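Asker: Pasting a structure here, questions to come.
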Amino acid sequence: MNNAIEKKLALTHFWVAFGAFALACLMGIYQVIERSGFIGWIQSREVYYASTSTHGVLMAFVLTTFFIMGFGYYVATTTLKLPVWNKTFAWAGFWVSLTGVVLAALPLLSGAASVLFTFYPPMQAHVLFYIGATLLVVGSWFWCVSMIVMYMQWKKANPDQPVPLAMFATAANAILWLWTSAGVAAEVLFQLIPWALGWVDTIDAGLARTLFAWTLHPIVYFWLIPAYTAFYCLVPKQAGGYVFSDEMARAAFILLVVFSLPIGFHHLYMDPEQASGWKLLHAVGTFVVTLPTFITGFTVIASLEIAGRLNGGKGLFGWIGSLPWTNHLVLAIILSLLMLIFGGFGGLINASYAMNAMIHNTAWVSGHFHLIFGGTTIIMYFGIAYYFWPVLTGKPLFSNNLALIQLWTWFIGMVILTTPWHILGLLGQPRRIDKVNYNNLLTLSWEPYEITMIFGGLILVGSAGLLIYNLAKTQFHVTETYEGEVEYAEPIHPVTALPAYLNSFSMWNWVIAAFMLIAFGYPIAQFFLMKTYGSSPWGY
């Protein structure tokens, strides 16, 4: 199948993603230096918060959404052996999302939307920011529709056949995103846009935070599923082995979708709008969602062990040294799993009510988030990019050694950046502040960690530069040709038939609907049922 158009579609999405990433990295190092107070002339509260808000939006929404869409389009067409369904529709989604990014960027860069990427009221942004964010999400829904239609087309043409694992994961992510983005969409459409336009004087901040909590935690798994897809479907083949269990992989993706959605109130532990019983319910759900993570850890490491032993590894741990560490995807997953171990431990603390109370709104939270998102997830995006770029451009990667250096420096920089953050959180340093030098005694105890963080940030910026340089040189300066295609790993035991619950989402959507009704039904309805003395949750 000639998939030149699909390659262009994926590559265009990737470039928007990594362009946003490069700009966000520059803003990130500015923030680390500015808030330390070491260089007085760059300190500016207005610039800091504009930069922080833009950095968060570019990383959490633009980089991820465009990368996931580009990745999904190419996974769908290569695993199903089908062209992208309705290419005009797919490109329309791209342009809707890109238009949203441009509209949101105008108030962000001008300081008219310095509300951070969570944009909680009562902080108010310019209406263009909310409209732009809405268009970004709406454009991503085009992608969701495309993935689901292609998934259903293949199922119809191949009844009772197992859906290719990579496409099963991609369809799961599209379903997850449709479910979870509904929360923030309702908040923006029915509360924030009317409020920003002046149609209402006030809105219920408690309802807004509850609706955002609907989205805030599951979005992490929207970001993470492409990394997990690479864990299961790309890395074992590159390592020289097989997937340990196709069935366990499918179970992990299903559990990720089902159990990641009806949680989120651990972000509201310190908020008064939800009762303790609902917080407990969500806390239990948050611990349950660690189950697919443990399944993934076991299955992926087992897959790597198979590869290591097939490569000649002996003894209890000899297989580790026999892995092809110079392969970009293999190195990326090793470094990703190392950061997942420590980042996951921090997540358990965040989910525990008593311990969360100690680190709530401290620098610990920033350290945890960057280690999981910027570390575990984004380093796999790099590995995927290095593997896909020669396929998409038809040219070999400009420098394999440069790619390996970039992965190592990103890992080292992220560890150096986030470790002091965790320590500073335990020392009581708050987050969401533009300067830390407001108490002499505290400043003295915090300074060594601030210096270390700056050093880590500089390494990360340098690493980001290596990534962009390598990808750009590959596409625009390499003259050799490359004719390879993406290769997907096969399970060690071939799968010829699967039960419906491991090959379809029909039943699971009903389960999700029930769980969401239980977890969010009354917590949202209460805002409309309680006596509010004439006010309304929407502000009307």
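Asker: Whole Å is fine, so just give me how far the alpha carbon centre of region 71-126 lies from that of region 21-67.
Answerer: With region 71-126 and region 21-67 each reduced to a Cα centre, they are spaced 19 Å.
Asker: Toward the positive end of the charge dipole of region 4-529, about the Cα centre and with charges on Cβ (Lys, Arg +1; Asp, Glu -1), which of Thr215, Trp195, Trp15 goes farthest?
Answerer: Trp15
Asker: Please give, to one decimal in nm, the separation of the simple spin-label points placed at Ala472 and Ser110, each 7 Å out from Cα toward the Cβ.
Answerer: 2.8 nm
Asker: Among the aspartates and glutamates, which have Cα under 17 Å from the Cα of Lys279 when same-chain residues fewer than 8 positions away are ignored?
Answerer: Asp271
Asker: Can you give the charge dipole size of the chain about its Cα centre, rounded to the nearest 20 debye, using +1 on the beta carbon of Lys and Arg and -1 on the beta carbon of Asp and Glu? Could the numbers behind the result be given before it?
Answerer: Details: 20 positive and 20 negative charges, 48 e Å.
For the chain, the charge dipole is close to 240 debye.
Asker: Grab the DSSP H runs of the chain that are 4 residues or longer, score each as -39,500 (n - 2.57), total them, divide by all residues and round the 222 nm result to the nearest 500 deg cm²/dmol.
Answerer: The helix contribution divided over the chain gives -23500 deg cm²/dmol.
Asker: Taking the Cα centre of region 1-144 as origin, work out the dipole magnitude from +1 charges on Lys and Arg Cβ and -1 charges on Asp and Glu Cβ, in debye rounded to 20.
Answerer: On the way: 6 positive and 3 negative charges, 65 e Å.
It comes to approximately 320 debye.
Asker: What order do you get for 297-307, 395-405 when each peptide is scored by the mean count of other beta carbon atoms within 10 Å, highest first? If you can, show how the numbers build up before the last one.
Answerer: On the way: 297-307: 20.3, 395-405: 17.0.
Order by mean packing, descending: 297-307, 395-405.
Asker: Further question: Among Leu471, Val115, Tyr242, pick out the residue whose Cα is farthest towards the positive end of the charge dipole of the chain, where Lys and Arg carry +1 and Asp and Glu carry -1 on C-beta, about the Cα centre.
Answerer: Tyr242
Asker: At a 10 angstrom cut-off on C-beta neighbours, averaged per residue, how do the peptides 123-132, 206-215 rank from highest to lowest? Walk me through the numbers on the way to the answer.
Answerer: On the way: 123-132: 21.2, 206-215: 23.9.
Going from most to least packed, we get 206-215, 123-132.
Asker: What length, rounded to one decimal in nm, is gained on full extension from Val138 through to Trp91, with 0.36 nm per residue of separation minus their alpha-carbon distance? Could the numbers behind the result be given before it?
Answerer: Working: separation 47, 0.36 × 47 = 16.92 nm, distance 1.30 nm.
The Val138-Trp91 span can extend by a further 15.6 nm.
Asker: As I understand it, the dipole of the chain uses +1 on the Cβ of Lys and Arg and -1 on the Cβ of Asp and Glu, about the Cα centre. Which of Pro159, Leu255, Asn311 lies farthest toward its positive end?
Answerer: Positive-end residue among those listed: Pro159.
Asker: With the crude spin-label approximation of a point 7 Å out along Cα→Cβ, what separation in nm comes out for Lys81 versus Ile492?
Answerer: Rounded to a tenth, the inter-label distance reads 2.8 nm.
Asker: When Lys and Arg each count +1 and Asp and Glu each count -1, what net charge do the other residues less than 11 Å away from His493, Cβ to Cβ, add up to? The partial results should precede the final answer.
Answerer: Details: positive: none; negative: Asp246, Glu247, Glu490.
Its environment carries a net charge of -3.
Asker: Which pairs in the list Lys81/Lys237; Lys155/Lys473; Lys7/Lys473 are over 28 Å apart, alpha-carbon to alpha-carbon?
Answerer: Values: Lys81/Lys237 19 Å; Lys155/Lys473 40 Å; Lys7/Lys473 18 Å.
Listed pairs above 28 Å: Lys155/Lys473.
Asker: Can you tell me the FRET efficiency between Asp201 and Lys8 if r is taken as the Cβ-Cβ distance and R0 is 41 Å, rounded to the nearest 0.05? Don't jump to the answer; show the numbers that get you there.
Answerer: Numbers: r = 48 Å, r/R0 = 1.17.
According to the calculation, E is roughly 0.30.
Asker: Express the Stokes-Einstein translational diffusion coefficient of region 406-498 in µm² s⁻¹, to the nearest whole number, given a Kirkwood radius over alpha-carbon pairs, 4 °C and a viscosity of 1.567 mPa s. Could you put the intermediate results ahead of the total?
Answerer: Working: Rh = 17.3 Å.
For the chosen part, D equals 75 µm²/s.
Asker: Bin width 10 Å, alpha-carbon pairs only: give the P(r) of region 1-130 as whole percents, running from 0 to the bin holding the largest distance.
Answerer: 12, 36, 27, 16, 7, 2
Asker: Let me ask something additional. Modelled label-to-label distance, Trp510 and Ala525, 7 Å Cα→beta-carbon offset: nm?
Answerer: In this crude spin-label approximation the distance works out to 2.1 nm.
Asker: Just need the relative contact order of region 314-445 here, percent rounded to a whole number, with Cα pairs under 8 Å and 6+ apart.
Answerer: Numbers: 121 pairs, mean separation 44.4, N = 132.
Over region 314-445, the number comes to 34 percent.
Asker: Suppose a student asked you for the relative contact order of region 1-94, using Cα pairs under 8 Å spaced at least 6 residues apart; what percent would you report? Before the final figure, lay out the partial values.
Answerer: Values: 76 pairs, mean separation 41.4, N = 94.
Result for region 1-94 is 44 percent.
Asker: Suppose R0 equals 51 Å; then what is the FRET efficiency for Lys435 and Ser399 from their Cβ-Cβ distance, rounded to the nearest 0.05?
Answerer: Working: r = 40 Å, r/R0 = 0.78.
The computed FRET efficiency comes out at 0.80.
Asker: How big is the Kirkwood radius of the chain, worked out from every pair of different alpha carbons and given in Å to one decimal? Spell out each step's value before the answer.
Answerer: Values: mean 1/r = 0.0417 Å⁻¹.
Across the chain, the inverse of the average 1/r is 24.0 Å.
Asker: Hey, what D do you get for region 149-256 in µm²/s if you plug the Kirkwood alpha-carbon radius into Stokes-Einstein at 4 °C and 1.567 mPa s? All intermediate terms of the calculation are to be shown ahead of the outcome.
Answerer: Numbers: Rh = 16.3 Å.
Translational D for this selection: 79 µm²/s.
Asker: Measure of size requested: the Rg and Dmax of region 212-303, with Cα atoms as the atom set and Å as the unit; please supply both.
Answerer: So, for region 212-303, Rg and Dmax equal 15.6, 53 Å respectively.
Asker: Shifting gears a bit: Could you compute Rg(Cα) / (2.2 N^0.38 Å) for region 100-203, with N its residue count? Before the final figure, lay out the partial values.
Answerer: Working: Rg = 17.9 Å, N = 104, 2.2 N^0.38 = 12.8 Å.
Rg over 2.2 N^0.38 Å, computed on Cα atoms: 1.39.
Asker: Further question: Give me the one-decimal Kirkwood hydrodynamic radius in Å for region 258-306, with the sum taken over alpha-carbon pairs.
Answerer: On the way: mean 1/r = 0.0814 Å⁻¹.
Value: 12.3 Å, from the Cα pair sum.
Asker: I need to check one value: relative contact order of region 4-529, counting alpha carbon pairs closer than 8 Å and at least 6 residues apart, in percent.
Answerer: Values: 807 pairs, mean separation 89.6, N = 526.
It rounds to 17 percent for region 4-529.
Each reported figure results from applying straightforward, stated rules to the coordinates on display, with no laboratory input. In this text, all values refer to a predicted model and were calculated from it rather than measured experimentally. A quick note on method: Cβ atoms are made from the backbone with ideal geometry, for glycine too, and the neighbour counts reach across all protein chains shown.
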